Amino acid sequence: MKSLILIIIGGALINNVVLNQFLGICSFLGVSKQMKASASLGGAVIFVITIASAVASLLYDFVLAPLGMAFMKTIIFILVIAALVQIVEMFLKKKSPAVYKALGIYLPLITTNCAVLGVALTNVQNGYNFIESVLAGFGTAVGFTLAIVLLAGIRSRIHEEDLPAPLRGAPIVMIAAALMSIAFMGFSGLAL
Amino acid sequence: MKNKYIERLYNGLIKENPTLVLMLGMCPTLAVSTRAANGIGMGLSTTAVLILSNLVISLLRKVIPDQVRLPSYIVIVASLVTVTELLMEAYLPSVFEALGIYIPLIVVNCIILGRAEAYANKHTPLLSVMDGIGMGLGFTIALTLAGLVREVLGNGTAFGAQVLPEEIEPIGIFVQPPGAFIVIAVFIIIMNAIGIKTRQRKLVEQDVCDGNCASCALICEEKNELKEEAAKE
C-alpha cells in the first residue's frame, strides 16, 4: 500500500512530468494563458493518461509480451493513444459542449503530447503491473495539471507587467517555468 | 541560392531552423541538452528518422489517401523510430542508455510530422531528403549548442574535456532541469533582441496557422491576443 502512494507522489511532485522530465512542454507553454482553459486541459489529460496507461499496460502484459512483440510497443501505443483521444473528443462534444468549446483545438493536441506516450513507455520500462501503471499514470497527470494551473496563475500576473520587448512571449514564460522547476526540486528532499 | 537542393540545406540550417526559429521539438531540446555529446546523439538519431520518413512519405505521397494521411504518417514514423531504437540498442548502447525514453519519443517530435505535412507530401523524394538533412542538421546544431552552454556552465567541461579552470566552481543548476529553461529562454531573448523574427511571430502577423502541431496552439493563442489588442484600439 505504501509503495502505491509513493508512486502517485513520486509521479506528481518529485519527478514532475513537465518541470523535471520535460514531457508535454508544447501544451504546457501553449495552453497556460488562461486558468480555466488550463484546468480543463489538465482534466482532459488526467482522463486520457489514466485510461491510456491502463490500456497500454493490459495490451503489453496480455498481447505484446506473450507474443514476443515487445519491440512493437511504440507503434501500438501511439495508435491506441490517438484512438483514445478521438473517443474522448467525441464523448466531450456530446456530453459537455461547454468544456468542448473551451478546449477547442487543444484536445487533438493531446495525441502529440509526449507525456501520454512517455508515461506508457516508462511504466513498461519500470516493470509496473496493471494497478501500479494506472496509479503512475494518474499521478503523472495530476503533476501535469498542477504545473500548468500554477503557470497559468503566474502568467496572469506577468501579463499585467511592462516587460522589455525581447522578453515578451515565450522567454518570460520559460523563465517562470525555470523558477517553478527550482521550487519543485525541493520535493526531491522528501524523505520517502 | 540558385540550386534548390542547396537551398533546402540553407533553409533547414539557418532560415527556418526547427528549434531556434520554428520552435518545434522543445521537449527533447530541453531534456537531453545536459551534455553536448547527448545533443549530437539525439540530433543525429532524429536526423536519420527525419530523412527516411521524408523519403518514404514523399515516395508514397500519391498513394496515401488524403483523409487517412496523418495516421499513415504516424505508423511510418513509428516504424522507423523502432528500427532506429533497436539499431542503437545493439550498436551504440552507451548513447542509448544516456538518451533513454527520449529515443522512442522521437515519434511525437513535432519536427518530423511537421515536415511530412508541410513539405514531404508535396515535393519530390530527392528534395524531401535534402529537406530532411537540412532540418535534421539544424536541429542537431541547436541541440549541441544548448548542450555545450549547459555543460560548460554547469559542469565545467565541453564534450567531456575540462575547459574551465578547476578553481572555478561550476554552476550546478545549469545541468539540472531549471537550467534547460533558462538557457533556451536566453537563446530566444538574444534572437528577439537582434531582430531575428521567429517564424511563430511571422505566422501570427500573416494570420495563418498551418501544420497540425502543438506549436499551432501557441500561434493561435497569440493571434487571438493580437486581434483583441487591435480591437481595443
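Take the residues of region A:21-42 that are out of contact with any Ser or Thr (no Cβ under 7 Å at 6 or more places or on another chain) and of a type in the set (Gly, Ala, Ser): which is surrounded by the most Cβ atoms within 10 Å (Cβ to Cβ)? So the residue we want is A:GLY24.
Checked against (1) over 19 Å from the mean Cα position of the chain (by Cα); (2) within 26 Å of B:GLY160 (Cα to Cα), B:THR19 passes all but condition (1). Screening the candidates B:LEU105, B:LEU80, B:LEU87, B:LEU113 for the property of being hydrophobic (A, V, I, L, M, F, W, C) and over 19 Å from the mean Cα position of the chain (by Cα) yields one hit, B:LEU87.
Could you grab me the full set of residues in region B:118-136 that are closer than 16 Å to B:LYS62 by Cβ and either within 13 Å of the chain's Cα centre (by Cα) or among the hydroxyl-bearing types (Ser, Thr, Tyr) (or both)? Matches in region B:118-136: B:TYR119, B:THR124, B:SER128. Restricting attention to region A:7-21, the residues that are within 15 Å of B:ALA180 (Cβ to Cβ) and away from chain B (no Cβ under 13 Å) total 0.
Of (1) within 24 Å of B:PHE187 (Cα to Cα); (2) within 11 Å of chain A (Cβ to nearest Cβ); (3) among the small types (Gly, Ala, Ser), B:SER45 satisfies all except one. Which? That leaves (2) as the condition not met. Picking from residues in region A:171-190 that are among the small types (Gly, Ala, Ser) and more than 7 Å from chain B (Cβ to nearest Cβ), the one that is surrounded by the most Cβ atoms within 10 Å (Cβ to Cβ) is A:ALA176. Residue check: B:THR34 meets all listed conditions (1) assigned to a helix (DSSP H, G or I); (2) under 18 Å from B:LEU145 (Cβ atoms) but one, namely (1). Please verify whether B:GLU166 is within 14 Å of another protein chain (Cβ to nearest Cβ) and either surrounded by fewer than 18 Cβ atoms within 10 Å (Cβ to Cβ) or assigned to a loop (DSSP other than H, G, I, E, B) (or both), treating the condition exactly as stated. No, not satisfied. Of the helices (runs of 4 or more DSSP H) contained entirely in region B:37-154, those carrying at least 1 residues that are surrounded by fewer than 18 Cβ atoms within 10 Å (Cβ to Cβ) fall at B:69-91, B:93-99. With the structure loaded, tell me whether B:ALA116 is under 25 Å from A:GLY24 (Cβ atoms), at pLDDT below 90 and more than 14 Å from chain A (Cβ to nearest Cβ) or whether it fails that test. No. Among the residues in region B:146-157, are any of a type in the set (Lys, Arg), under 30 Å from B:ILE57 (Cβ atoms) and touching a residue at least 12 places away in the same chain (Cβ under 8 Å)? No, there is no match, as no residue in region B:146-157 is of a type in the set (Lys, Arg), under 30 Å from B:ILE57 (Cβ atoms) and touching a residue at least 12 places away in the same chain (Cβ under 8 Å). With respect to B:PHE181, is the statement that it is among the aromatic types (Phe, Trp, Tyr), in a helix (DSSP H, G or I), within 11 Å of chain A (Cβ to nearest Cβ) and surrounded by fewer than 23 Cβ atoms within 10 Å (Cβ to Cβ) true? Against the criterion (among the aromatic types (Phe, Trp, Tyr), in a helix (DSSP H, G or I), within 11 Å of chain A (Cβ to nearest Cβ) and surrounded by fewer than 23 Cβ atoms within 10 Å (Cβ to Cβ)), B:PHE181 does not qualify. Give me the residue from region B:64-110 that is among the acidic types (Asp, Glu) and under 20 Å from A:ILE76 (Cβ atoms) and, out of that set, farthest from the other protein chains (Cβ to nearest Cβ). Per the criteria, the residue is B:GLU89. B:ALA90 passes every criterion in (1) modelled with pLDDT of 90 or more; (2) closer than 30 Å to B:ILE182 by Cβ; (3) out of contact with any helix residue (DSSP H, G or I) (no Cβ under 8 Å at 6 or more places or on another chain) apart from (2). Evaluate region B:168-184: report whether one residue or more is more than 23 Å from A:ALA165 (Cβ to Cβ), assigned by TED's automatic domain parsing to the domain that holds B:LEU20 and at pLDDT below 85. Yes: region B:168-184 contains one or more residues that are more than 23 Å from A:ALA165 (Cβ to Cβ), assigned by TED's automatic domain parsing to the domain that holds B:LEU20 and at pLDDT below 85. Whenever a residue of region A:6-18 is aliphatic (A, V, I, L, M), its partners that are assigned to a loop (DSSP other than H, G, I, E, B), lying with C-beta atoms within less than 7 angstrom and at least six residues away or across chains, give the pairs A:LEU6/A:LEU192; A:ILE14/A:LEU190; A:VAL17/A:LEU23; A:VAL17/A:GLY24; A:VAL18/A:GLY24.
For A:ALA56, the conditions (1) in contact with a Leu (Cβ under 8 Å, 6 or more places away or on another chain); (2) crowded, with 24+ Cβ neighbours inside 10 Å all hold with the exception of (1). Taking region A:22-115 and the helices (runs of 4 or more DSSP H) fully enclosed by it, the elements with 2 or more residues that are within 11 Å of another protein chain (Cβ to nearest Cβ) and modelled with pLDDT under 85 are at A:25-30, A:35-59, A:73-95.
If you check A:ARG168, A:ARG157 for being surrounded by fewer than 21 Cβ atoms within 10 Å (Cβ to Cβ), without any contact (Cβ under 8 Å) to a residue 12 or more places away in the chain, more than 25 Å from A:GLY10 (Cβ to Cβ) and more than 13 Å from every other protein chain (Cβ to nearest Cβ), only one passes: A:ARG157.
The values are calculated or read from the model by the stated rules, or taken from the named source; none is laboratory data. These numbers were taken from a predicted model, which means no experiment stands behind them. Every residue, glycine among them, receives a Cβ derived from its backbone with ideal geometry; neighbour counts consider all protein chains shown.
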